[in-house]
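> I'd like to ask you about the structure that follows.
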Amino acid sequence: MSKLYRLLTIGICTVLLIVACGRSPNSLKSDPATSASSESCRLVSHEMGETKVCGQPQKVAALSPHILDSILALGVQPSAYAEIKDLKLKTYDNPTEQIPYLGKWVKTQPVALGHELSPSLERLTLLQPDLILGEYWQEDKYSLLTQIAPTLLFRDNYQPNQLRSWQQDIEGIARALGREAQAQELLMEFDQQIAQAQTELQPVLEAYPRIFLISSDLTTNVYSVHESTAARLLQKIGFKIIQPPDIQGNSEISWEILPRVKTDLIIVLSYSSDRFYNSEDTTQKKWAKNPLLNSMPVFQQGRVFFVDSYLWISHTRGPLTDKLILKALPDLLLDSVKKAERAKNSA
């Protein structure tokens, strides 16, 4: 055991002792509500094994955007939240403005836990959540987290090269929250959303079935993102996701490859080192000024589209994310067919 690990453990135990000593004697007694909830205990399987959870937890900590998306879709509000970036906040007191895309569904003012890779153990200990939910890649914090509250870490892909999908862990998350019925509703609603998108996008599917997905800031690197939330949804709808020759999965590619890729549409999942999210306008302007890129026929014909990587790549990738993207796709892509029809009529 490392010295740092021992110090962290001692620190957490000290805070726990202080909090416990500060309770009134009556708070240590069980009451009818507590007894009732203990009768509904269940074992929930997750990446680290099985954990006992009782009743419907009231104070839930979400350690990533994906977990936040999932619990909100299930009708549960967060008491604490860790983002993909440390925003230097103590509390999300204006979640609609502070939490990208998902904030409009947040009705609480969650404790800000900082970065998802290193959520604040001190703030979690002071909060005393009923349940902590995170992802499998946070396993190095697991033993410390379990000293604070029951902790479950989930995985949403189990096979190599398998697309990450909320359908693979939503039932486990729902069971932990006592929301199994809501999970089944979400699964059925997803099928309906895909069917509606297929109907609305049929003109695009017929005219432009091949889509090339890249992620870039158009300053340094460009990546082919065959494995992303956007790719999964577009494939479900019926589009063919194009890959450059000899490229597998999400891989960095050279700029020179782009004009040689045979595709009908390009969607650029935009990001920027200067902005937390919503970088698509900046990326579009850079593309328009780049001689290699702005000379591509697919761009000149209005079939290159720019979206925000934060939502479209895989950070959130939950039921609410799918709902937002599926709602946005018709408005985004149908424009390509309309432009082609106008060009044909004016010829």
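> Among the strands (runs of 3 or more DSSP E) lying completely within the stretch 245-347, list those that include at least 1 residues that are in the same structural domain as I67 (by TED's automatic domain parsing).
Details: elements: 250-253, 265-270, 304-308.
Qualifying strands (runs of 3 or more DSSP E): none found.
> Would you point out which residue out of S254, S279 is of a type in the set (G, A, S), surrounded by fewer than 16 Cβ atoms within 10 Å (Cβ to Cβ) and either over 23 Å from the mean Cα position of the chain (by Cα) or modelled with pLDDT under 95 (or both)?
Working: S279 fails: surrounded by fewer than 16 Cβ atoms within 10 Å (Cβ to Cβ).
After ruling out the rest, the residue left standing is S254.
> Quick check on R210: is it at pLDDT 95 or above, surrounded by fewer than 19 Cβ atoms within 10 Å (Cβ to Cβ) and in contact with a Ser or Thr (Cβ under 7 Å, 6 or more places away or on another chain)? Walk me through it before giving the result.
Numbers: at pLDDT 95 or above: yes; surrounded by fewer than 19 Cβ atoms within 10 Å (Cβ to Cβ): yes; in contact with a Ser or Thr (Cβ under 7 Å, 6 or more places away or on another chain): yes.
Yes: the conditions hold for R210.
> If I ask for residues that are in contact (Cβ under 8 Å) with a residue 12 or more places away in the chain and either basic (K, R) or exposed (fewer than 13 other Cβ atoms within 10 Å of the Cβ) (or both), which ones from the stretch 284-300 would you list? Lay out the reasoning, then the answer.
Pass one, the stretch 284-300, residues in contact (Cβ under 8 Å) with a residue 12 or more places away in the chain: 284, 286-287, 290, 292-293, 295-296, 298-299.
If the condition is that a residue be in contact (Cβ under 8 Å) with a residue 12 or more places away in the chain and either basic (K, R) or exposed (fewer than 13 other Cβ atoms within 10 Å of the Cβ) (or both), then K286, L292, S295 are the ones that fit.
> Right, next: Considering (1) more than 30 Å from I71 (Cβ to Cβ); (2) touching a Lys or Arg at 6+ places or on another chain (Cβ under 9 Å), say which one R317 fails and leave the rest.
(1)
> Hey, any hits in the stretch 210-220 for a residue that's among the aromatic types (F, W, Y) and within 18 Å of L311 (Cβ to Cβ)?
Our first condition is that a residue be among the aromatic types (F, W, Y); within the stretch 210-220, this holds for 212.
Next, only the ones that are within 18 Å of L311 (Cβ to Cβ) stay: none.
For the stretch 210-220, residues among the aromatic types (F, W, Y) and within 18 Å of L311 (Cβ to Cβ): absent.
Per-residue answers, yes or no, for (1) in a helix (DSSP H, G or I); (2) free of Cβ contacts under 8 Å to residues at least 40 places away in the same chain:
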site	(1), (2)
R175	yes, no
E185	yes, yes
Q192	yes, yes
Q196	yes, no
V204	yes, no
S215	no, no
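> Still on this model: Restricting attention to the stretch 217-228, which residues are within 13 Å of I266 (Cβ to Cβ), crowded, with 23+ Cβ neighbours inside 10 Å and either without any contact (Cβ under 8 Å) to a residue 60 or more places away in the chain or not aliphatic (A, V, I, L, M) (or both)?
S224
> Cβ-Cβ below 8 Å, separation at least six or inter-chain, first residue in the stretch 314-328 and over 14 Å from L186 (Cα atoms), second assigned to a helix (DSSP H, G or I) and acidic (D, E): which pairs?
Once the first residue is over 14 Å from L186 (Cα atoms) and sits in the stretch 314-328, its partners that are assigned to a helix (DSSP H, G or I) and acidic (D, E) give T316/D69.
> For residues that are buried (at least 21 other Cβ atoms within 10 Å of the Cβ) and among the charged types (D, E, K, R), scanning just the stretch 309-347, find the one that is modelled with the highest pLDDT.
In this case the residue turns out to be D322.
Residue-wise test of (1) assigned to a helix (DSSP H, G or I); (2) of a type in the set (V, I, T); (3) under 16 Å from the mean Cα position of the chain (by Cα).
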{"site": "K88", "(1), (2), (3)": "no, no, no"}
{"site": "K104", "(1), (2), (3)": "yes, no, yes"}
{"site": "Q109", "(1), (2), (3)": "no, no, no"}
{"site": "E122", "(1), (2), (3)": "yes, no, no"}
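The values are calculated or read from the model by the stated rules, or taken from the named source; none is laboratory data. Keep in mind the model is a prediction, meaning the values are calculated, not measured. Every residue, glycine as well, gets a Cβ built from its backbone with ideal geometry; the counts of neighbours run over all protein chains shown.
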